[in-house]
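The values are calculated or read from the model by the stated rules, or taken from the named source; none is laboratory data. Here the structure is a predicted model, which means the values were calculated and not measured. Ideal geometry is used to build each Cβ from the backbone, glycine not excepted, and the neighbour counts take in all protein chains shown. Please note that ligands, DNA and RNA were not included when accessible areas were found on the heavy atoms of the full protein model with its side chains. Shrake-Rupley method; radii C 1.70, N 1.55, O 1.52, S 1.80 Å.
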Amino acid sequence: MQALADVILPVFLVIGFGYVARWRNLISDAQVEGVVWFTQTFAIPCLLFVAISRLDLGQEFDWRLLVSFYAGAVASFALGFAGARVFFKRDWEDCVAIGFVALFSNTVLLGLPITERAYGPDALAANYAIIALHSPICYAIGITTMEMMRNRGGRLRDTARRVFNAMFHNALVIAIALGFAVNLTGLPLPGVMDDALDMMVRAALPAALFSLGGVLYRYRPEGDLRTIAYVVALSLVVHPAITFGLAKAFGLSTEALRSAVVTAAMAPGVNVYVFANMYGRAKRVAASSALIGTALVMLTGWLWLQVLP
């Protein structure tokens, strides 16, 4: 429990700095949105580009690991989407954004350090295999479904064009594609470029968390508490439970089982607000779910660690 607190409390402090700064009017809503725009358009894309361009893609990708994790993620997305419509009567675009909250786990900021603290640095190979595909798969699902909902009743060809345009005009998706291109071609980057990217990467997560605090001041959870509780339960309970069951059924190694379940058991990441903000949908649910889910990981994460071999 202390290890989880050591990982999660600094995250909360940075979010808290942003919340207090906005609460005390040290920054304005416009300034918060400026930081969100910076992280969404520049810093986080640089982070994704660097992470993917430097991954060892030659390591073995076990299909059982990936199916176990992503089947749970997609099931959580489907349940989040359906529940938002059936239980909470949200419109279709809101349903997609809410489903995305249940889909996108915080694989990097929480998943990596918690796995490392629990099982050591040699236990992270399976985490990196999941992370390599995480943003491309999740954004492909989220953007495709959102564009289909926004173009309901339109021609399939028009919908496909809108999906393609949305995917390849999105800074995050472009960064991911470029990262894979550099990785697969072995194209060396100049040292000056590497240094500049590393500076942007160091700014990405603190700036994203700080801006999330400012966003939370504006989008406090009043009126959406049941929806938030629902998607947080999908993220922290349903996703890891499905992953655990499939991993056991597939006979995954103990090391891969641990990485898959711990990663699946993480709270929604900052990117759920990035996605919600990109489309202007369910922003309060996304921001509050990331905060509340992260707090609850101190309890639910510890419980999952007790279940694992």
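Name the residues in the stretch 62-92 that are open to solvent by 50 Å² or more (accessible area, probe 1.4 Å) and either free of Cβ contacts under 8 Å to residues at least 12 places away in the same chain or over 18 Å from Glu255 (Cα atoms) (or both), would you?
Trp63, Val74, Ala78, Leu79, Arg85, Val86, Phe87, Lys89, Asp91, Trp92 - these are the residues of the stretch 62-92 that are open to solvent by 50 Å² or more (accessible area, probe 1.4 Å) and either free of Cβ contacts under 8 Å to residues at least 12 places away in the same chain or over 18 Å from Glu255 (Cα atoms) (or both).
Could you list, ordered by first residue, the pairs with Cβ atoms under 9 Å in which the first is in the stretch 124-149 and more than 26 Å from Leu257 (Cβ to Cβ) and the second is of a type in the set (D, E, K, R) and open to solvent by 10 Å² or more (accessible area, probe 1.4 Å), at least 6 apart or interchain?
Met146/Glu93; Met146/Arg281; Glu147/Arg162; Met148/Arg162; Met149/Asp91; Met149/Glu93
Any idea which of (1) open to solvent by less than 30 Å² (accessible area, probe 1.4 Å); (2) modelled with pLDDT of 80 or more; (3) within 25 Å of Ala97 (Cα to Cα) is the one Ile137 doesn't satisfy?
Checking Ile137 against (1) open to solvent by less than 30 Å² (accessible area, probe 1.4 Å); (2) modelled with pLDDT of 80 or more; (3) within 25 Å of Ala97 (Cα to Cα), the one that fails is (1).
Taking the stretch 23-56 on its own, how many of its residues are open to solvent by 40 Å² or more (accessible area, probe 1.4 Å) and within 26 Å of Ala247 (Cβ to Cβ)?
2
Which of (1) farther than 17 Å from Ile242 by Cα; (2) surrounded by fewer than 24 Cβ atoms within 10 Å (Cβ to Cβ) is the odd one out, the single condition Leu110 does not satisfy?
(2)
Check Ala260, Ala267, Ala287 and return the single one that is open to solvent by less than 10 Å² (accessible area, probe 1.4 Å) and touching a strand residue (DSSP E or B) at 6+ places or on another chain (Cβ under 9 Å).
When all the criteria are applied, what remains is Ala267.
Name every residue in the stretch 115-134 that is part of a helix (DSSP H, G or I) and open to solvent by 10 Å² or more (accessible area, probe 1.4 Å), in order of residue number.
Those that are part of a helix (DSSP H, G or I) and open to solvent by 10 Å² or more (accessible area, probe 1.4 Å): Glu116, Arg117, Ala118, Tyr119, Pro121, Asp122, Ala123, Ala125, Ala126, Tyr128, Ile131, Leu133.
Yes or no: Leu184 in contact (Cβ under 8 Å) with a residue 40 or more places away in the chain, open to solvent by 40 Å² or more (accessible area, probe 1.4 Å) and closer than 16 Å to Ala51 by Cβ?
For Leu184, the condition - in contact (Cβ under 8 Å) with a residue 40 or more places away in the chain, open to solvent by 40 Å² or more (accessible area, probe 1.4 Å) and closer than 16 Å to Ala51 by Cβ - is met.
Just one of the numbered conditions (1) under 30 Å from Phe42 (Cβ atoms); (2) free of Cβ contacts under 8 Å to residues at least 40 places away in the same chain is not true of Ala233; which one?
Of everything listed in (1) under 30 Å from Phe42 (Cβ atoms); (2) free of Cβ contacts under 8 Å to residues at least 40 places away in the same chain, Ala233 misses just condition (1).
Rundown of residues vs (1) open to solvent by 50 Å² or more (accessible area, probe 1.4 Å); (2) in a helix (DSSP H, G or I); (3) among the acidic types (Asp, Glu); (4) at pLDDT 90 or above, yes/no style:
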residue: Ile176; (1), (2), (3), (4): no, yes, no, no
residue: Asp194; (1), (2), (3), (4): no, yes, yes, yes
residue: Leu205; (1), (2), (3), (4): yes, yes, no, no
residue: Val215; (1), (2), (3), (4): no, yes, no, no
residue: Pro221; (1), (2), (3), (4): no, no, no, no
residue: Ala233; (1), (2), (3), (4): no, yes, no, yes
residue: Val238; (1), (2), (3), (4): no, yes, no, yes
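In this structure, does Asp198 turn out to be at pLDDT 90 or above, part of a helix (DSSP H, G or I) and either open to solvent by 20 Å² or more (accessible area, probe 1.4 Å) or among the hydroxyl-bearing types (Ser, Thr, Tyr) (or both)?
Here the answer is yes, as Asp198 does meet what is asked.
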